[in-house]
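Okay, so here's the structure we're looking at.
Coordinate-derived values only; no laboratory data. As the structure is a computational prediction, the values presented were derived from the model and not from experiment. Cβ sites come from the backbone with ideal geometry, for glycine too, and all protein chains shown count toward neighbours.
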Amino acid sequence: MAVAPALQNSGIGSELVKTGLRKCTDAGYEIAVVLGHPNYYPRFGFKTAKSVGIRCEFDVPDEAFMVMELREGALNGRSGIVRYQPEFNDV
Ligand SMILES: CC(C)(COP(=O)(O)OP(=O)(O)OC[C@H]1O[C@@H](n2cnc3c(N)ncnc32)[C@H](O)[C@@H]1OP(=O)(O)O)[C@@H](O)C(=O)NCCC(=O)NCCS
């Protein structure tokens, strides 16, 4: 995700995240993960994935890989490694 520098800090990034999460929820997804700024995403409800036993397949800082329930209780009993679609390996 990126917002043009001249337009940052005016709420666009927040609207993109909230709208994306709402669309995921509406589509029936139960859990969202994000690899991003550890000081930015917690405001939307994300928490460190490691704290709930979920890891990233990539070698990334623990605090940058976060997870969020889109349906209450969806993380209960879940743990393991999140595997991305192959396209992410080309980024
Ligand atoms: C991160 C980014 C998408 C946020 O978009 P935005 O439209 O500026 O965000 P909003 O206006 O909704 O929110 C602004 C808030 O985010 C905070 N913020 C912006 N970048 C941040 C960062 N890298 N780490 C922590 N907080 C950040 C601002 O300090 C501000 O905080 P406040 O609400 O407490 O004042 C934008 O800064 C960006 O495009 N950055 C460059 C690309 C990038 O780093 N993308 C993220 C990949 S995970």
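The smallest convex shape that holds all Cα atoms of the stretch 29-90, its convex hull, gives 90 Å³ per residue. Packing order of peptides 66-72, 38-44, highest average first: 66-72, 38-44 (average count of other Cβ atoms within 10 Å over each peptide's residues).
Distance from the alpha carbon centroid of the stretch 65-87 to that of the stretch 5-40 works out to 16 angstrom. Given R₀ = 25 Å, FRET efficiency for E30-D59 by Cβ-Cβ distance, to 0.05? Once the sixth-power term is evaluated, E becomes 0.40. 3J(HN,Hα) along the stretch 74-86, derived from phi through the Karplus expression 6.51 cos²θ - 1.76 cosθ + 1.60 where θ = phi - 60°, amounts to 5, 8, 4, x, 9, 7, x, 10, 7, 10, 8, 5, x Hz, with x in place of Gly and Pro. Counting neighbouring Cβ atoms within 10 Å and putting the fewest first, the residues I12, I81 line up as I81, I12. Label sites at Q85 and V52, each approximated as a point 7 angstrom past Cα along Cα to Cβ, lie 2.2 nm apart.
In a reduced charge model with +1 at each Lys and Arg Cβ and -1 at each Asp and Glu Cβ, the chain shows a dipole moment near 260 debye about its Cα centre.
Listed by chain and number, the aspartates and glutamates whose C-alpha is less than 17 Å from the C-alpha of K50, apart from same-chain residues fewer than 8 away, are D59, D62, E63, E69.
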